[in-house]
Structure formats: structure tokens, C-alpha cells
Amino acid sequence: KLTSREFHPSSTVIDVDGIKIGDGHFVTMAGPCSVESREQIIETAKIAKAGGAQFLRGGAFKPRTSPYAFQGLEEEGLKYMREAADLTGLKVITEVMDIENLPLVAKYADMLQIGARNMQNFQLLRAVGKTGMPIALKRGISGTIDEWIHAAEYIANEGNFNILFVERGIRSYETYTRNTFDLSAVPAIKKLSHFPIMVDPSHGTGRWEMIESMSLAGIAAGADALIVEIHPDPANALSDGPQSLTPENYEKMMKKVTKLTAFM
Ligand code: PEP
Ligand code: MN
């Protein structure tokens, strides 16, 4: 397989317009779950940048459980996010939910996110593969390591070797946390594939108070990147407030992340 270590023994480094990820190049991505307004995303981008992140995350097309929940600002959100990222010198990572909106999302993003719910949307995987753009491939809600790697294979099979695996927790019997954050996926992917892996403790746990410890644990486990949800006012966030860090807690965590990544 194109994704396997046997095929490509050395670790692949992804280059996102000058920002390298993998094989010792560590990056942090931070931002709100959803882009909510121009002011909100600009304010959050400044916080993300000041803490040391290289990427601004944020959803403009949101895969919500309920059709009555906030669905995202769509193109308006993409525009605000691009503006906020350019203003602060960050790269944009955002989710593309379907082939229909791929050209639109690709126009504004530096890296495309395939959400957990779309890990096995094989037509979408082929389509993002064809763009040649950097792809963050989230693990499916109940995705096995083998299914996840085969999903990446669909992207690689289109000639796209800019793949970043994202561990974001899997469904288990446990309900205390939103998902069961599977840190063992980090060494598993490292062994099986040459592509880098990012940890997402925000969706992995669903609890803001666990983000710092699980981020540090993810880095200790060998993750090449970290993605976290942050919000200027988590209590009033339109999505995922309970797992979003306040600016103060993000800053506090990033001091430790910076120290630990220097040590790794
Ligand atoms: C997100 O990143 O906000 C998101 C919806 O993630 P996931 O697909 O992992 O649930
Ligand atoms: Mn979210």
C-alpha cells in the first residue's frame, strides 16, 4: 500500500505553503469549532497566533448531529477565516463536507479537513485526493486503524501524498467523556504508515479541563501536530463550548507544549 512503511520507510513531511509537518517538525492548530462572526474569528486568530499556533482552525460547514443546530456561515465564514488568518500570518484548516462545495472550500483553505463522519465517504476522499492539497483525515467515529489507513489509501491512490492523520477519539461504552481518546493510535499509525499524525483532544474528550493533559500526553506519545478548540467566550460558543479552552487556559497550555516539543 502507498500509505505503508514498507512502501516508504522514511517519515513523510507535509509542506503546507512553507510550514512543515512531520519527522520532527511540530505544529499547533487552534481556533473555534465554528466561525461565528468576523469579529469572533479575528479575535480568536490573534489569540491562536500569540499562543504559538501556526494554523487557524474553524468550521464554516458544520456536520451537526441535529439539523436545528447551527450549521455554519458557509462562504461568509470562509471569507472571514481567510481574512483573519492573513491578518495574523496563520494557515487555514477547515472542513469540507461534500464534493459539491469542494471547489469553494479549496479556494479559501490551505489544508482541507475530512471530518470523522466522512472518513469512509470514498467519493469525497478521491475528490480531495485529486486536488493535491494537504488533507487532514480524521478517524471515523467508530473507525478501526485498518479502515482509517485504507481511507488514507484512497487519497494517496490519487497521487496525493499530503496526508495528516487525526486521532479525535472513538465511540466506546464510556459516556463520561464525549469520545474515548485513543492515544495508542499514535504509535500504531507511526508503525504502520509514513504519514504524520495529529491529535485532537478537544473532540477526543469533549471536556476543556482535560485538554492540557491530553495534549501533552499526545506529544509524549509521538504526535506530529496538535489541534485544539479555543474560544474568546466558551460559555456562549455556537458549538463545542464545553471542550473549548479560554484564551488564558490556551496560553497556559501552550507554554508547556512549547517546552515539551523542544525536548522531544
Ligand atoms: C470539528 O473539527 O469541529 C469536527 C466536527 O470534528 P470531527 O469530525 O472529528 O467530529
Ligand atoms: Mn468541534
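Structure notes:
- Some residue of the range 57-66 being touching a strand residue (DSSP E or B) at 6+ places or on another chain (Cβ under 6 Å) and hydroxyl-bearing (Ser, Thr, Tyr): no
- Residues of the range 56-94 satisfying the condition of being touching a helix residue (DSSP H, G or I) at 6+ places or on another chain (Cβ under 7 Å), of a type in the set (S, T, N, Q) and farther than 16 Å from GLN113 by Cβ: THR88
- Note on the range 156-169: residues that are over 20 Å from ILE19 (Cβ atoms) and within 16 Å of ligand 2 (Cβ to nearest atom) amount to 3.
- Taking first residues from the range 125-146 that are at pLDDT below 95 and away from ligand 1 (no atom under 14 Å from the Cβ) and partners that are assigned to a loop (DSSP other than H, G, I, E, B) and acidic (Asp, Glu), no Cβ contact under 7 Å between residues at least 6 apart in sequence or on separate chains turns up.
- Summed over the range 156-177, the residues that are crowded, with 16+ Cβ neighbours inside 10 Å and farther than 27 Å from LYS1 by Cα give a count of 1.
- Scope the range 1-36; condition in a loop (DSSP other than H, G, I, E, B) and without any contact (Cβ under 8 Å) to a residue 40 or more places away in the chain; matching residues: GLU6, GLY18, GLY24
- If the condition is being among the small types (Gly, Ala, Ser), out of contact with any helix residue (DSSP H, G or I) (no Cβ under 6 Å at 6 or more places or on another chain), more than 13 Å from ligand 2 (Cβ to nearest atom) and not in a helix (DSSP H, G or I), then the range 198-246 contributes only ALA225.
- Restricting GLY72, GLY58, GLY89 to residues that are touching a Pro at 6+ places or on another chain (Cβ under 6 Å) and without any contact (Cβ under 8 Å) to a residue 60 or more places away in the chain narrows the list to GLY58.
- Taken over the range 155-188, residues that are in contact with a helix residue (DSSP H, G or I) (Cβ under 7 Å, 6 or more places away or on another chain) and in a strand (DSSP E or B) amount to 3.
- Within the range 114-155, if we keep just the residues that are touching a Ser or Thr at 6+ places or on another chain (Cβ under 6 Å) and under 25 Å from VAL228 (Cβ atoms), the residue that is nearest to ligand 2 (Cβ to nearest atom) turns out to be ALA152.
- Conditions (1) surrounded by fewer than 23 Cβ atoms within 10 Å (Cβ to Cβ); (2) closer than 30 Å to ALA217 by Cβ; (3) more than 15 Å from the chain's Cα centre (by Cα); number of the one not met by ILE99: (2)
- Residues being more than 18 Å from VAL228 (Cβ to Cβ), of a type outside the set (Lys, Arg) and either within 14 Å of ligand 1 (Cβ to nearest atom) or under 17 Å from the mean Cα position of the chain (by Cα) (or both) - total across the range 40-72: 9
- Selection within the range 94-109 - of a type in the set (D, E, K, R), away from ligand 1 (no atom under 16 Å from the Cβ) and under 23 Å from GLU83 (Cβ atoms): LYS107
- Test for ILE14: is it closer than 29 Å to HIS194 by Cα, buried (at least 16 other Cβ atoms within 10 Å of the Cβ), within 16 Å of ligand 1 (Cβ to nearest atom) and at pLDDT 95 or above: no
- Options ARG82, ARG38, ARG64, ARG57; residue that is surrounded by 22 or more Cβ atoms within 10 Å (Cβ to Cβ) and of a type in the set (Lys, Arg): ARG57
The values are calculated or read from the model by the stated rules, or taken from the named source; none is laboratory data. A quick note: this is a predicted structure, and the numbers were derived from the prediction, not measured. For neighbour counting, all protein chains shown are included, and Cβ atoms are generated from backbone atoms with ideal geometry for every residue, glycine included.
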